[in-house]
Each structure stands twice: as structure tokens, then as C-alpha cells.
Amino acid sequence: MADILKAKFMEDMTEIISNMYRLGWDERNGGNVSYMLSEDMLALYSDSLKATRTFQTGFYTPSLSGKYFLVTGSGKYFRNVRREPEDCLGIIKIEEDGKRASLLWGYSGGGRCTSELPAHLMSHAARLEVDPENRVVMHCHPTNTLAMNYVHPLDEREVTRTLWQMCTECIVVFPDGVGVLPWMLCGTNSIGEATALKMKEFRAVIWGMHGIYCSGKTLDETFGLVETIEKAAQIYMLTAHLPRINTIKDEEMKSLAEFFGVEYRLDFLNL
Ligand code: 13P
Ligand code: ZN
């Protein structure tokens, strides 16, 4: 029997989560990650997968019926995931009715899926509509991105343009910009629905004064998106209180986007 703890998807997940913790994005149990797994990826480990519990998700995601997700558990400390993956992570399958899910593996200490399951699953459904290759949704509380929320207008055009100005590569890495939601009660279907709506337009969504949601085709790509936004926010926070004497001009950002051939939000530039 193949050891599921040695599966590439499991090693990739625990490694990425350790890096999220190392970078200070996930204090205590802050943050959550969901990774859609295919039947092929799980085929070798079918002996380890047994439905031990079926539960109501509390929302309806019919397009995800039959899909499998590796998901962080609620209240689990990111610091511990690598040492205790079986306790901190779970594999769920969305049932045919689109309203229930079964736990097939994990949460060995009796845990359950992240309280942000609505935002994760609704975001997966939304992203898959615009990008059938999307596999990952990642939420965390990166320090500088969060700090910026307190001193910068929470307007998605303004936030995006400021972040794009902070590093030359930003407009190339997130040409679609960053969506912004106001402060909302977390863990609810409402914040899940609002996030999913933004995810149709943006791969990155800031939750005002809470953190960020990012999505992508792979764990690496999604991590890289958070990392780039956080780096830009760090440069903003290091310079926001100083006189600004240089900037990357809007025409320069336009030429970057065009040179690298990315589809970008021209309406977010002052041209
Ligand atoms: P969970 O521990 O339930 O995943 O919640 C953490 C969090 O960041 C809530 O937004
Ligand atoms: Zn959070």
C-alpha cells in the first residue's frame, strides 16, 4: 500500500504551508489552503481513503460535485502541519448533491475543515468557470499587505496601481490586478459569495483588514502571487512615510505589460 503521506501532493502542500508560516503570513491558525486533487493523483492511495463522516457544507456548489480537495483543518496551527499532516489536513469529496461533503482521510484528532470552506469552495467554483486549470485557493494574513490596509484607500483600482508601482514585475505577475472587499464577518457564506464574485475577475482578493485570498493552477503559482503582492506591499510600507521622488510611470507599466504580452487592466492606469 502506497503511503499517502509520501504523495507528491501531500509533500507539496506541507512544504508550501511551512513556507507560508516561515514568512509570517500565518500566525497561530491564521490562514487556510485548499488544493483540488484529481482521481489520478489519488488512484495510488485508494486504500487510505475511506468515508468516515459525511456533513452538510451549508452551501451549494453543484459544479464541484465529485471533486476532491485537500484542505487545512479549522484551528490548526500552520507551524504544526509538516509534523502532523494527518491531524491538520483532510481530504474531502463533494457529494453528488453539491451540498454535502465526505471526509475520506485526515483530521485524525476529530477536526474539521477550515471555517472558511465557503470562501474556498465558492472561489474554486468561480475560478474554474474562467480558468478550467485552476486548482488552488490560498488564504493568509501577510503582514505588509495587512498593514497597507490601514493607511491606503481600500479601492481596488488604487490598491492595484500602487502595488504595480512598487516593483517592476508586479504588472506582469498580476496583470488582472487585485480585488478588494471591505471588512466583512469571516467564516460566513456572505464573505464566501463576495469573494467568489471577485474571483471571476481577479486571482487575488484582499479582505479588508483581514488578509488575502489568492488562486492559481498550482501551489507554487498561488504562493508566488501572494509573495509578489506582499513584497510590493512591503516596499509601500517602507516608503509610504518618506517623500516620493521616483516612481514607475503609467506609460512604463503599459510598455511592460505589452512587452510581456499579458492581458492587463488598462483602466487601472492613469493614461
Ligand atoms: P481556520 O482556522 O478556521 O482555518 O480560520 C483561520 C482564518 O484565517 C480565518 O479567516
Ligand atoms: Zn483569515
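The values are calculated or read from the model by the stated rules, or taken from the named source; none is laboratory data. Everything quoted here is computed from the prediction, not taken from an experiment. Heads up, the Cβs are rebuilt from the backbone with ideal geometry, glycines too, and the neighbour counts pull from every protein chain shown. Keep in mind that these areas ignore ligands, DNA and RNA; they rest on the heavy atoms of the full protein, side chains included. Shrake-Rupley method; radii C 1.70, N 1.55, O 1.52, S 1.80 Å.
Are any of the residues in the stretch 46-57 within 21 Å of the chain's Cα centre (by Cα) and either in contact (Cβ under 8 Å) with a residue 12 or more places away in the chain or part of a helix (DSSP H, G or I) (or both)?
In the first step, residues of the stretch 46-57 are kept if they are within 21 Å of the chain's Cα centre (by Cα); the result is 57.
Now drop any that are not either in contact (Cβ under 8 Å) with a residue 12 or more places away in the chain or part of a helix (DSSP H, G or I) (or both), which leaves 57.
Yes - at least one qualifying residue is present in the stretch 46-57.
I need a count of the residues in the stretch 134-146 that are surrounded by 21 or more Cβ atoms within 10 Å (Cβ to Cβ) and more than 16 Å from ligand 1 (Cβ to nearest atom).
2
So which of ASP40, ASP26 ends up being of a type in the set (D, E, K, R), open to solvent by less than 30 Å² (accessible area, probe 1.4 Å) and either under 20 Å from HIS120 (Cα atoms) or more than 16 Å from ligand 2 (Cβ to nearest atom) (or both)?
Details: ASP40 fails: open to solvent by less than 30 Å² (accessible area, probe 1.4 Å).
Selected residue: ASP26, the only one of ASP40, ASP26 that is of a type in the set (D, E, K, R), open to solvent by less than 30 Å² (accessible area, probe 1.4 Å) and either under 20 Å from HIS120 (Cα atoms) or more than 16 Å from ligand 2 (Cβ to nearest atom) (or both).
Which one of GLY224, GLY208 is free of Cβ contacts under 8 Å to residues at least 60 places away in the same chain, more than 15 Å from ligand 2 (Cβ to nearest atom) and farther than 14 Å from ASP176 by Cβ? Before the answer, list the steps.
Details: GLY208 fails: more than 15 Å from ligand 2 (Cβ to nearest atom).
So the residue among GLY224, GLY208 that is free of Cβ contacts under 8 Å to residues at least 60 places away in the same chain, more than 15 Å from ligand 2 (Cβ to nearest atom) and farther than 14 Å from ASP176 by Cβ is GLY224.
Of all residues in the stretch 50-78, how many are away from ligand 1 (no atom under 16 Å from the Cβ) and surrounded by 16 or more Cβ atoms within 10 Å (Cβ to Cβ)?
If we filter the stretch 50-78 for residues that are away from ligand 1 (no atom under 16 Å from the Cβ), which is where we start, we get 50-54, 56, 60-68.
Of the ones still in play, those that are also surrounded by 16 or more Cβ atoms within 10 Å (Cβ to Cβ) are 61, 64, 67-68.
Total meeting the criteria: 4.
Only residues that are surrounded by fewer than 18 Cβ atoms within 10 Å (Cβ to Cβ) and under 20 Å from PHE78 (Cα atoms): list them for the stretch 89-110, please.
At the first step, the residues of the stretch 89-110 found to be surrounded by fewer than 18 Cβ atoms within 10 Å (Cβ to Cβ) are 96-97, 99-100, 102, 108-110.
Across the stretch 89-110, the qualifying residues are SER108, GLY109, GLY110.
Does the stretch 254-266 contain any residue that is surrounded by 12 or more Cβ atoms within 10 Å (Cβ to Cβ) and closer than 26 Å to HIS141 by Cβ?
yes
Can you tell me how many residues in the stretch 149-183 are open to solvent by 10 Å² or more (accessible area, probe 1.4 Å) and in contact (Cβ under 8 Å) with a residue 40 or more places away in the chain?
Total meeting the criteria: 18.
Just to be sure I understand, how many residues within the stretch 122-133 are more than 16 Å from ligand 2 (Cβ to nearest atom) and open to solvent by less than 10 Å² (accessible area, probe 1.4 Å)? Before you say what the answer is, go through the steps one by one.
If we filter the stretch 122-133 for residues that are more than 16 Å from ligand 2 (Cβ to nearest atom), which is where we start, we get 124-133.
From the residues that got through so far, the ones that are open to solvent by less than 10 Å² (accessible area, probe 1.4 Å) too are 124, 126.
Within the stretch 122-133, residues that are more than 16 Å from ligand 2 (Cβ to nearest atom) and open to solvent by less than 10 Å² (accessible area, probe 1.4 Å) number 2.
Residue by residue through the stretch 211-220, note down the ones that are more than 15 Å from ligand 2 (Cβ to nearest atom) and either open to solvent by less than 30 Å² (accessible area, probe 1.4 Å) or within 10 Å of the chain's Cα centre (by Cα) (or both).
Correct list: SER215, GLY216, LEU219.
Identify, from the list CYS113, CYS186, the residue that is within 23 Å of ARG79 (Cα to Cα) and open to solvent by 50 Å² or more (accessible area, probe 1.4 Å). Please lay out each step first, then the result.
On the way: CYS113 fails: open to solvent by 50 Å² or more (accessible area, probe 1.4 Å).
Sole residue among the options that is within 23 Å of ARG79 (Cα to Cα) and open to solvent by 50 Å² or more (accessible area, probe 1.4 Å): CYS186.
With the condition being more than 16 Å from ligand 1 (Cβ to nearest atom) and over 15 Å from the mean Cα position of the chain (by Cα), I'd like the helices (runs of 4 or more DSSP H) fully within the stretch 147-208 carrying at least 1 qualifying residues.
Working: elements: 156-166, 170-173, 189-199.
Answer list for the stretch 147-208: 156-166, 170-173.
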